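Structure, as structure tokens:
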Amino acid sequence: MRIGVPKEIKNHERRVGLTPDAVCVLVGDGHEVIVERAAGTGIGLTDHDFAEAGAMIAVDAEEVYGQADLIVKVKEPQASEFPYLRPGLSVFGYLHLAAERELAEALQASECTAIAFETVTDAQGRLPLLAPMSAIAGRLSIQMGAWALQSTSGGKGQLMSPLPGAPPAHVTILGAGNAGQHAMESAIGLLADVCIVDLDTSRLARLGETHGSLLRTATPESVHELVARSDLVVGAVLLPGAAAPKLVSKQMVKDMSPGSVLVDISIDQGGCCETSKGTTHDAPTFVQDGVVHYCVTNMPAAVSRSATFALLFATLPYVRELAARGAESLEHSEHGLGSGLNVRQGEIVHPAVKASLAPR
């Protein structure tokens with residue numbers, strides 16, 4: 001199979017779908033790899049590195065898409081890439097179609113096959129290809145939240161850690177999944193006053209065994225109470241493949257104190273706050289009702305080198321299986337690739353994605 005790696009073109013996106021080491025493995029498996037010129041230079045991987053590993057170097061994205069059977073990329077195809085989608089082509093990467101109707105329609109119209117990292121589910125029900133980026137986003141949510149709380153960033157001037165006479169920041173994390181747990185650990189490390197909220201009481205109980213944080217079951221009343229008193233709210237809610245539920249209402253945001261911060265990790269799936277809207281690394285925040293919102297849709301791109309290597313550690317076995325099997329037999333995948341199938345032959349086939357995009 002010929003595997004193509006285009007250069008990522010989303011705002012400040014320097015991650016790359018394959019590294020030279022991964023290329024070497026795939027070439028050793030008997031496949032051909034074509035990499036767009038300068039695809040990895042943003043994280044210090046040169047065209048020479050890729051060529052030495054056995055890749056062919058393409059002059060542009062059109063050449064990569066035109067020659068490849070399988071495209072491996074990080075973020076969803078952008079509008080300028082839609083014309084390159086075609087029947088017989090498979091695309092493997094983060095898609096987040098529940099929040100990307102235009103992309104979903106383009107994938108359907110092209111009749112390509114689209115497999116999403118974020119819906120691949122293993123035998124234990126975990127999301128192994130989302131996990132590394134969720135961990136990064138969780139840790140970055142506290143880092144970015146602390147930055148946004150600074151007066152110089154538009155926040156109230158609140159330090160995360162306590163000082164004599166000055167209390168710590170109050171942090172509420174909505175969702176105790178992978179991203180939420182990493183956010184919690186980072187916030188605890190800064191000595192913030194942390195509360196984590198989830199509907200799953202068994203998950204909260206497990207966290208309670210290892211952390212002394214305040215744990216709360218999510219109800220509209222408990223969420224409202226905690227959001228209103230928080231300096232920093234982190235939205236880390238996930239329903240695989242589906243649009244994120246709106247846990248934070250407009251009224252809750254209005255009840256937060258001026259200069260408070262809301263970091264919505266769930267923004268890739270539409271966001272879990274009614275006031276959230278996607279932002280970029282160029283313009284990461286906006287203020288509504290006095291609250292600073294950080295809603296960057298590709299947060300891990302801020303640490304693109306670390307993110308690339310962490311992602312490849314998880315994705316490479318799946319890329320190898322997909323290249324060996326082809327997209328025609330995903331239902332029998334030993335790694336659970338069938339659950340990653342979102343679009344095939346012009347149809348959306350993932351149940352949660354289909355439900356989220358159904359006309360209302």
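Since every read-out is calculated from the coordinates, none of them should be taken as a lab result. Note that this is a predicted model, so its numbers are computed, not measured. Note: ideal-geometry Cβ built from the backbone for every residue, glycine included; neighbour counts use all protein chains shown.
Using the rule -39500 (n - 2.57) for each DSSP H run of four or more residues, divided by the residues of the chain, the 222 nm mean residue ellipticity is -9500 deg cm²/dmol. Taking 18 Å as the cut-off, the amide N atoms of segment 104-132 that come nearer than this to a point 7 Å along the Cα-to-beta-carbon line of F309 belong to 132. The relative contact order of segment 224-360, computed from alpha carbon pairs under 8 Å that lie at least 6 residues apart in sequence, is 19 percent. Given L215, G138, G165, which one lies farthest toward the positive end of the charge dipole of segment 92-223, if we put +1 on the Cβ of every Lys and Arg and -1 on the Cβ of every Asp and Glu? Comparing the listed Cα positions along the dipole, G165 ranks first.
Structure shown: which of K250/K354; K254/K277; K75/K277; K73/K246 lie over 20 Å apart, alpha-carbon to alpha-carbon? Don't jump to the answer; show the numbers that get you there.
Details: K250/K354 27 Å; K254/K277 16 Å; K75/K277 18 Å; K73/K246 29 Å.
K250/K354; K73/K246, as the Cα separations exceed 20 Å there.
Once you reduce segment 179-223 and segment 52-126 to the center of their Cα atoms, the two points are 35 Å from each other.
Taking a ≥ b ≥ c as the square roots of the eigenvalues of the Cα gyration tensor, the chain is classed as prolate, since a/c reaches at least 1.5 and a/b is larger than b/c. Between K254 and A355, the simple spin-label model (points 7 angstrom out along Cα→Cβ) gives 3.1 nm. In a Gaussian network model over the chain where Cα atoms closer than 10 Å are linked, find which of A68, A205, A137 has the largest mean-square fluctuation. Residue with maximal mean-square fluctuation among A68, A205, A137: A205.
Let me know the charge dipole size of segment 131-297 about its Cα centre in debye, to the nearest 20, where only the beta-carbon of Lys, Arg (+1) and Asp, Glu (-1) is charged.
Working: 10 positive and 14 negative charges, 14 e Å.
Around 60 debye, computed over segment 131-297.
With contacts taken as Cα pairs under 8 Å at a separation of at least 6 residues, segment 20-80 carries a relative contact order of 33 percent.
Residues C273, C195, ranked from the fewest to the most other C-beta atoms within 10 Å, line up as C195, C273. Our estimate of slack between R2 and E334, defined as 0.36 nm per intervening residue step minus the Cα-Cα distance, is 117.4 nm.
Which shape class, rounded, prolate or oblate, goes with segment 131-297 when its Cα gyration tensor gives a ≥ b ≥ c as root eigenvalues, a/c under 1.5 marks rounded, and past that a/b bigger than b/c marks prolate? Verdict is rounded for segment 131-297.
Classified by the C-alpha gyration tensor, segment 259-360 has an oblate form. Its axis ratio a/c, with a ≥ b ≥ c, is 1.5 or above, and a/b does not exceed b/c.
Can you tell me the relative contact order of the chain? Whole percent, Cα pairs under 8 Å, sequence separation 6 or more.
18 percent
In the elastic network of the chain, a GNM with C-alpha springs shorter than 10 Å, the most mobile of L159, L149, L107 is L159.
Here each label is just a point 7 Å from Cα along the line to Cβ, and for R216 and D289 those points are 1.6 nm apart.
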